[in-house]
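What follows draws every value from the coordinates through simple rules; no lab data is involved. On a predicted model such as this, the values are computed, not experimentally measured, just so you know. Neighbour counts are summed over all protein chains in view; Cβ atoms, including those assigned to glycine, are modelled from backbone coordinates with ideal geometry.
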Amino acid sequence: MSASGYCRTRFAPDARREILWRALVKYHFSKLIDPRDTVLEFGSGYGNFINNVLAARKLALDIWPEFPNHVGPDVEAHVGSVEDLDWVDDNSVDFAFSSNLFEHVPQSVFVSVLQQLKKKLRPGGTLTLLQPNYRFAYREYFDDYTHVTVYSDIGICDFLTANGFEVIECQPRFMPLTIKSRFKVSPLLIRAYLLSPIKPMGKQMLIRARVAC
């Protein structure tokens, strides 16, 4: 897969993405991240998540050679494979995060990342995953030609447990699948959606886990 080609097709620049992530960080993720934390993002892309995070240290990883041009000067950007974690200090990460990434790689790669991450996370550090839930998004799942692995909320929780992590939160319907719809992307609407117990069109899951004792 060409990362540059993917960013011209399925992941082309879209101003709505920045509105979405600014609101998600403000109304949800900021509650999980202490300003003194070190945050590591896998697959940072255009930097919409990591740029909006308030943290003492921000680390970003992506295979796309141009992604460092999109992250802020306070972000330590590393171009490389998701399995390339040698540049991250052991016992240094408080909050690891990925959005819509691990469905793009073979399961063996995900296993490798998890095993390395056990060394990189501080005691009490967490991994947060946001990605399509096949149970609700099966019709659209393979519209993305780079999807190679299928996960549902049940399957990914079992997978994490089998690989030495303890799941501490699972939201099967956290957000809609895509910003490419007829509905306006509005911070107030996003906040209302996050607060609502009913999640219409909720096809992305949110999973939080930590290293099992």
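Here is how the numbers come out for the structure above:
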quantity: Note, ³J(HN,Hα) from phi for the stretch 71-83, Karplus 6.51, -1.76, 1.60, rounded to Hz, x at Gly and Pro; calculated: 9, x, x, 8, 9, 8, 9, 10, 8, x, 5, 4, 7
quantity: Segments 30-36, 167-173, 132-138 sorted - mean Cβ within 10 Å per residue, highest first; calculated: 132-138, 167-173, 30-36
quantity: Residues in the stretch 11-50 reached by a label modelled at Leu188 [backbone nitrogen below 20 Å; 7 Å Cα→Cβ]; calculated: 16-28
quantity: Efficiency of FRET from Cβ geometry, Gln107 and Arg16, R₀ 25 Å, rounded to 0.05; calculated: 0.20
quantity: Taking Trp87, Trp21 and counting other C-beta atoms within 10 Å, the order from fewest to most; calculated: Trp87, Trp21
quantity: The chain, relative contact order in percent, only Cα pairs under 8 angstrom and at least six apart counted; calculated: 20
quantity: Theoretical ellipticity at 222 nm over the chain - DSSP helices of four or more residues, -39500 (n - 2.57) apiece, nearest 500; calculated: -7000 deg cm²/dmol
quantity: Within the chain, percent of DSSP bridges classed antiparallel, to nearest 5; calculated: 45
quantity: Stretchable slack from Ile198 to Tyr145, in nm (0.36 nm times residue separation minus alpha-carbon distance); calculated: 16.1 nm
